[in-house]
Amino acid sequence: MAEIVYGSEIAKKIKAKLAAKMQALKQEGKRLPKLCVVLVGNHPASLSYVTGKEKACREIGMENDLIRLPQDISEKALLDFIQKLNVDDAVDGILVQLPLPAHIDEHKVLFAIDPAKDVDGFHPISLGKLMLQEDTFISCTPKGIMRILEEIGYDDLSGKKAVVVGRSNIVGKPVAQLLMNKHATVTVCHSRTKNVEEIAAQADILIAAIGKPRYIHASWVKEGAVVIDVGINRDENNKLCGDVDFEAVKEKAAYITPVPKGVGPMTIAMLLENTLEAYEKKEG
Ligand code: GUN
């Protein structure tokens, strides 16, 4: 029977530390770190994600601004808007919520963000530095996953086999890189992989980030594995669930993260941490 690892509890501790930091800055009469979140259009899941980010900022006393732009905004107008945030000294972190409307080139927008304010870690400079193991902003979900592993004592991953199911730019690819940086032997599986179950069953650390409800069955999991579930899905009864068949897999794994209260809250905590890091780099 696995230990259930509540990211929500780890995130709570991180947020308490950040809140104390905000309080200290306030008492010193300093400017506070500020995160600007840009939401284009009315994508319902995106709206719920950005609301969560704003709420977390408020909870710890970090300055924040949610900027809502119309669905039909032109690419040029959005790029001009980002440029304004880039040159605004009061802004430390910029996050443009994805996905963007189809008429806007997502890469162009991510490239337009000043890398010094790229708290999402999606700029090619941030991603390149991650590959080179240079100091940079690490995107929030992969960073949160690594923090969970540290928390359960999985820091040095030498000799460990990690399997990442999913190859997205936001999670799969960067987390695979981070696991490699910690000396794990990493295999990335995706929708075109044959025999995913056989590969997954060899994992000491299994990261599920494919976006399919309860895709990972207990038979795919090695006894004693660490299972990190990144999925946020709705099942056939509209119930929130992860990419892992939690009830069955928890009987086999040594550690497992639940959905909700697992990786999700860690993503937000890492965003706050990255924003403070951006502020500290700027203020010196
Ligand atoms: N859409 C889904 N996840 C994310 C995220 O972590 N950052 C941004 N900007 N958009 C997302």
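The values are calculated or read from the model by the stated rules, or taken from the named source; none is laboratory data. All values reported here derive from a predicted model rather than from experimental measurement. Here the Cβ positions follow ideal geometry from the backbone for every residue, glycine too, while neighbour counts run over all protein chains shown. The protein model used for the area step is the full one, side chains on, heavy atoms only, and it has no ligands, DNA or RNA in it. Shrake-Rupley method; radii C 1.70, N 1.55, O 1.52, S 1.80 Å.
Please say if region 218-284 is rounded, prolate or oblate, where rounded means a/c under 1.5 for a ≥ b ≥ c the square roots of the C-alpha gyration tensor eigenvalues, and otherwise the choice is prolate for a/b larger than b/c and oblate otherwise?
It comes out oblate by the Cα gyration axes.
Heavy-atom accessible area of VAL5 with all protein chains present, probe 1.4 Å, nearest 10 Å²?
So the heavy atoms of VAL5 present about 10 Å² to solvent.
So for the chain, taking the charge dipole from beta-carbon charges (+1 Lys/Arg, -1 Asp/Glu), which of THR193, GLY231, PRO260 sits furthest toward the positive end?
After comparing all options, I get PRO260.
Based on alpha-carbon positions alone, could you give the equivalent ellipsoid semi-axes of the chain from the gyration tensor, as √(5λ), descending, whole Å?
The answer is 32, 21, 18 Å, longest axis first.
Under the Kirkwood approximation applied to all pairs of distinct alpha-carbon atoms, what is the hydrodynamic radius of region 1-111 in Å?
Evaluated on region 1-111, it is 15.8 Å.
Test of understanding: what is the full-extension gain from LEU132 to GLU247, defined as 0.36 nm times their sequence separation minus their Cα-Cα distance?
37.5 nm
With charges only on Cβ, +1 for K and R and -1 for D and E, what is the dipole size of region 223-269 about its Cα centre, in debye, rounded to 20?
Magnitude of the dipole: close to 220 debye.
Apply the Debye scattering formula to region 77-236, with a single equal point scatterer on each alpha-carbon and no solvent, then give log10 I(q)/I(0) at q = 0.11, 0.14, 0.16 Å⁻¹.
Here log10 of I(q) over I(0) equals -0.51, -0.77, -0.94.
What ³J(HN,Hα) values, in whole Hz, does the Karplus curve 6.51 cos²θ - 1.76 cosθ + 1.60 give for region 263-270 when θ = phi - 60°, with x put for Gly and Pro?
5, x, x, 5, 4, 5, 4, 5
Quick one: dipole size for region 135-192, taken about the Cα centre, charges +1 on Lys/Arg Cβ and -1 on Asp/Glu Cβ, in debye to the nearest 20.
Dipole magnitude for region 135-192 comes out near 360 debye.
Counting each DSSP H run of 4 or more residues in the chain as -39500 (n - 2.57), what helix-only mean residue ellipticity at 222 nm follows after dividing by all residues, to the nearest 500 deg cm²/dmol?
One gets -13000 deg cm²/dmol as the mean residue ellipticity at 222 nm.
Between SER48 and ALA77, what's the calculated FRET efficiency when r is the beta-carbon distance and R0 is 22 Å? Round to 0.05.
Result of the calculation: an efficiency of 0.30.
Pull up all non-local amide H partners of HIS190: gap of 5 or more, or a different chain, and H-to-H distance under 5 Å with H placed in the peptide plane.
GLY166
Going down the table (LYS12/LYS282; LYS129/LYS261; LYS17/LYS161; LYS182/LYS222), which pairs top 24 Å between alpha carbons?
Table pairs above 24 Å Cα-Cα are LYS12/LYS282; LYS129/LYS261; LYS17/LYS161.
What is the dipole size for region 134-284, taken about its Cα centre, with +1 at each Lys and Arg Cβ and -1 at each Asp and Glu Cβ, in debye to the nearest 20?
Around 480 debye, computed over region 134-284.
Can you give the extra length, in nm with one decimal, that the chain gains between SER219 and SER191 once fully stretched, where that is 0.36 nm per residue apart less the Cα-Cα distance?
Going from the current span to full extension adds 8.2 nm.
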